[in-house]
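To start, the structure under review is shown below, and the notes come after it.
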Amino acid sequence: MELCWPLRVVLALLFGTASTGAWRASQPRLQFTHSELIQNGRLLTLPLVAGDLSMLLPDEDGRRLFVALKDNLLSTSLDDITQNPRKLYWPASPDRVQECLMAGKHPETECGNFLRVLQPYNQTHLYVCGTGAFNPRCVFIATSLFLKSDHQSLSYGQTECGKGKCPYDPHQRTASAVVDGELYAGITSDFMSRDSAFFRSLGNRRVMRTEQYDSTWLHGKELTF
């Protein structure tokens, strides 16, 4: 069952009031208790019901915070995340959802579009990828899109193939970065999650990846892309 609750986002380094005795500048804290966050006014809540938060992307120039969820990309104010969050609804296609269910996958925790890549591409666009019910899809999204209305939607036809950029399985870990217009992604690259690799895609150079089914490259090998 998908977990749903008012989405609480803790951004201790970006938000909050002045420090009190609970924080000492000379001793950085990596963990905080729930009571400490409430006491210091640093627990902020988005006024919506959501689940499967996978990543946050602050845009300091535009003063926005982007939040990647299942089937949705949210944009809210970086200064006050409780004010008017805007939503881009991006579900998996119905055909892919049906195929996912027929493959024996869970309808709530697997057969959806779980956003697993959220990267700033340039000053005007994000590059976002989702699992697409075990059919990865990616898309360039203009940040200005969120200024047009509070709720918008994205269709399958507006997206591109996400193979080699995003995992099939939402439970698999993902690491990604856009560098000089190229996407570097560390993912499991097949339906069964047996093949883990680093990929370089986008940009003008050809797509490259580490050796297939070779886990030894992590030990003492130098990667050259």
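Readers should treat all values here as calculations from the given coordinates under stated rules, not as data from a laboratory. Remember, it's a predicted structure, so these values are computed and weren't measured experimentally. Neighbour counts run over all protein chains shown; Cβ positions are idealised from the backbone, glycine included.
Worth a mention:
- Hz values of 3J(HN,Hα) by residue in region 71-79 - Karplus curve (6.51, -1.76, 1.60), Gly and Pro given as x: 6, 8, 10, 9, 10, 9, 5, 6, 7
- Added length on full extension, which subtracts the Cα-Cα distance from 0.36 nm per residue, Leu147 to Tyr89: 19.4 nm
- Counting only aspartates and glutamates at least 8 places from Lys70 when in the same chain, those with an alpha carbon closer than 14 Å to its own are Glu2, Asp52, Glu108, Glu110, Asp169.
- Backbone geometry of region 65-70 corresponds, through the Karplus equation with coefficients 6.51, -1.76 and 1.60 at θ = phi - 60°, to 3J(HN,Hα) couplings of 10, 9, 10, 8, 10, 6 Hz, x marking Gly and Pro.
- Rough spin-label spacing in nm, given labels placed 7 Å along Cα→Cβ, for Asp61 and Ser77: 2.2
- Interchain or long-range residues, amide H under 5 Å from Asp71's placed H: Asn113, Phe114, Leu115
- Under 5 Å between amide hydrogens, built in the peptide plane, is the criterion, and for Asp59 it picks out Arg64, Leu65, Phe66 among residues at least 5 positions away or on other chains.
- Amide H contacts under 5 Å for Tyr121, placed H, 5+ residues apart: Leu126, Tyr127
- In region 83-192, the GluC sites (Glu not before Pro) that fall in loop regions by DSSP, at most 15 other Cβ within 10 Å: Glu108
- Working note: Karplus 6.51/-1.76/1.60 with θ = phi - 60° gives region 108-116 the couplings 9, 9, 9, 8, x, 9, 8, 6, 10 Hz, where Gly and Pro are set to x.
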